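First comes the structure, then the notes that go with it.
Bear in mind these aren't lab numbers, they're just calculated from the coordinates by the rules spelled out. For clarity, every value in this text was computed on a predicted model and none was experimentally measured. All Cβ positions, even for glycine, are placed from backbone atoms using ideal geometry, and neighbour counts span all protein chains on display.
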Amino acid sequence: MLSLLLGAQPPTLSGREIVGAMGLFGISESATRVALSRMVASGDLTRHDGTYTLSDRLVRRQQDVTAPDRREWTGTWEVAVVTTTGRSAADRVALRSEMARQRVAELREGVWTRPANLRRRWPDSLLEVSTCFEARPLDDPAVLAGRLWDLPAWSARGHAYLDAIGKADDEPTRFVTMVAAVHHLQTDPLLPDELLPDDWPAGELDATYDRYRGWLAAMRDDPPASPST
């Protein structure tokens, strides 16, 4: 149900719409409404006049699916060097999670980098503990990108998801596969085109997800139908 709402724009559906969608998976109305009540109690959803909306925390997760705007790449790389010592294990784990969300890779312990082709600022949590700057590496940038990200593996998995979505012949299978594909998209390093292997599948995955979200939104007015992929 959370994935259904994550795909809706805005992330709000009526109880009737959610019950109808869950019926595609063989989930009864009573079980769906019990789950909705529990998610409201846990703070994952808010309820108003019979409609359910994602909490602010989960709305931020939805926003993470949308890639940041890109800018023309001039060959420079963003670099963050962690300079604060004595941080707790929990703080280090939180920083790693944030850097993964920002699509930045670790060159060595405490040194994070990526091509400077994204239109966004470093998170405050990083600026508080690091020195950040831009630099131009002397190494071949394509070789450096290959060291930081396993691009052939990412590409192969993306194509496998596209193939599985195209072959799905029932809605539960298509839905679960689409959710997995979206999670994969959230790990796209968003590199400049000149650093990517041929036949990079991110654009096609993104377009497939947009079509699927359009189908989810159409369920507000029309009975569920198989989406075009």
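Once each part is reduced to its C-alpha centroid, what is the distance from the range 183-216 to the range 1-41 in angstrom?
27 Å
Below 8 Å between Cα atoms, with a sequence gap of 6+, how large is the relative contact order for the chain in percent?
Working: 240 pairs, mean separation 49.5, N = 229.
It rounds to 22 percent for the chain.
Against the empirical 2.2 N^0.38 Å scaling, what ratio does the C-alpha Rg of the range 151-218 come to?
Cα Rg divided by the expected 2.2 N^0.38 Å: 1.13.
At q = 0.17 Å⁻¹, what log₁₀ I(q)/I(0) does the range 77-148 have when each alpha carbon counts as one equal point scatterer in the Debye sum?
With one equal scatterer per Cα and no solvent, log10 I(q)/I(0) is -0.61.
Loop-only GluC sites (Glu not before Pro) in the range 21-112, please: DSSP not H, G, I, E or B, and at most 12 other Cβ atoms within 10 Å.
Filter output for the range 21-112: Glu72, Glu109.
What list of ³J(HN,Hα) values in whole Hz, one per residue of the range 176-188 in order, does the Karplus curve 6.51 cos²θ - 1.76 cosθ + 1.60 (θ = phi - 60°) give from phi, with Gly and Pro shown as x?
Couplings: 4, 5, 5, 4, 5, 5, 5, 4, 5, 4, 5, 9, 4 Hz.
I'd like the orientation of helix 202-218 relative to the chain: the angle between its Cα long axis and the longest Cα principal axis, in ° from 0 to 90, rounded to 10.
For helix 202-218, the angle is close to 30 degrees.
Could you line up His159, His183, His48 from fewest to most neighbouring Cβ atoms inside 10 Å?
On the way: His159 15, His183 12, His48 8.
The most exposed by this proxy come first: His48, His183, His159.
Could you work out the helix-only [θ] at 222 nm for the chain, with each DSSP H run of four or more residues adding -39,500 (n - 2.57) and the total divided by the number of residues, to the nearest 500 deg cm²/dmol?
Details: 10 runs with 112 residues, N = 229.
Theoretical 222 nm ellipticity from helices: -15000 deg cm²/dmol.
Quick one: compute the contact order of the range 82-184, relative version, from alpha carbon pairs under 8 angstrom and 6+ residues apart, as a percent.
Result for the range 82-184 is 24 percent.
Which semi-axis lengths, in whole Å and largest first, follow from the square roots of five times the eigenvalues of the Cα gyration tensor of the chain?
In descending order the semi-axes read 37, 23, 14 Å.
Given H placed 1.01 Å from N in the peptide plane, which residues other than close sequence neighbours of Tyr52 have an amide H under 5 Å from its amide H?
Hits under the 5 Å cutoff: Leu13, Ser14, Gly15.
Counting other beta carbons within 10 Å of each Cβ, put Asp124, Asp44 in order, fewest first.
So the residues, fewest neighbours to most, are Asp124, Asp44.
I need Ser55, Ser125, Ser28 ordered by Cβ neighbour count within 10 Å, fewest first.
Numbers: Ser55 17, Ser125 14, Ser28 11.
Ranked by crowding around the Cβ, least crowded first: Ser28, Ser125, Ser55.
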